[in-house]
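**Q** Let me give you the structure first, and then I'll get to my questions.
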Amino acid sequence: QVQLVESGGGLEQAGGSLRLSCAASGSIISINGMGWFRQAPGKPRELVARINSGGGTNYADSVKGRFTISRDNAKRTVYLQMNSLKPEDTAVYYCNADLITASAKGVLKVDHWGKGTLVTVSS
């Protein structure tokens, strides 16, 4: 069974920093793109940052220059370093990964989500 497990969320003051981690485990053959999305109360889920298998990245305009996404392929882990946090960054942050997995049904391409981690930024 494939899992994405996020960690690192919590309460931080405006201007502070947090680092999120997301580790993939299970019957994974390879991982293509990995990313972070967030969903604030009453708002739709939005892309925060994404990194492809070659290390190419893209960011939402609202986090450019403040957040940095990176990945450790050996550890099957993606990170999100969040600096200069703002109250509007408050949301549940979800990890997403485009996986190639092995199962009883054979080799499958799966778009998988973590359960989310809450980030709260106080003013």
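The values are calculated or read from the model by the stated rules, or taken from the named source; none is laboratory data. Source: prediction; values computed, not measured. Ideal geometry is used to build each Cβ from the backbone, glycine not excepted, and the neighbour counts take in all protein chains shown. Protein only, heavy atoms only, side chains kept; ligands, DNA and RNA dropped before computing areas. Shrake-Rupley method; radii C 1.70, N 1.55, O 1.52, S 1.80 Å.
**Q** In the range 82-111, which residues are at positive phi and charged (D, E, K, R)?
**A** The answer is none; no residue qualifies.
**Q** Do any strands (runs of 3 or more DSSP E) lying entirely in the range 1-53 carry at least 1 residues that are of a type in the set (Asp, Glu) and open to solvent by less than 40 Å² (accessible area, probe 1.4 Å), and which ones are they?
**A** On the way: elements: 3-7, 10-13, 18-25, 28-39, 46-51.
Once the strands (runs of 3 or more DSSP E) in the range 1-53 are filtered for at least 1 residues that are of a type in the set (Asp, Glu) and open to solvent by less than 40 Å² (accessible area, probe 1.4 Å), what remains is 3-7.
**Q** Does Gly65 satisfy the criteria of being exposed (fewer than 14 other Cβ atoms within 10 Å of the Cβ) and over 19 Å from Ser122 (Cβ atoms)?
**A** Values: exposed (fewer than 14 other Cβ atoms within 10 Å of the Cβ): yes; over 19 Å from Ser122 (Cβ atoms): yes.
Yes; evaluated as a whole, the condition is true for this residue.
**Q** Ok, one more. Would you pick out the residues in the range 68-91 that are over 28 Å from Leu108 (Cα atoms), in contact (Cβ under 8 Å) with a residue 24 or more places away in the chain and surrounded by fewer than 18 Cβ atoms within 10 Å (Cβ to Cβ)?
**A** Listed by number, the residues that qualify are Gln81, Asn83, Ser84, Lys86, Pro87, Glu88.
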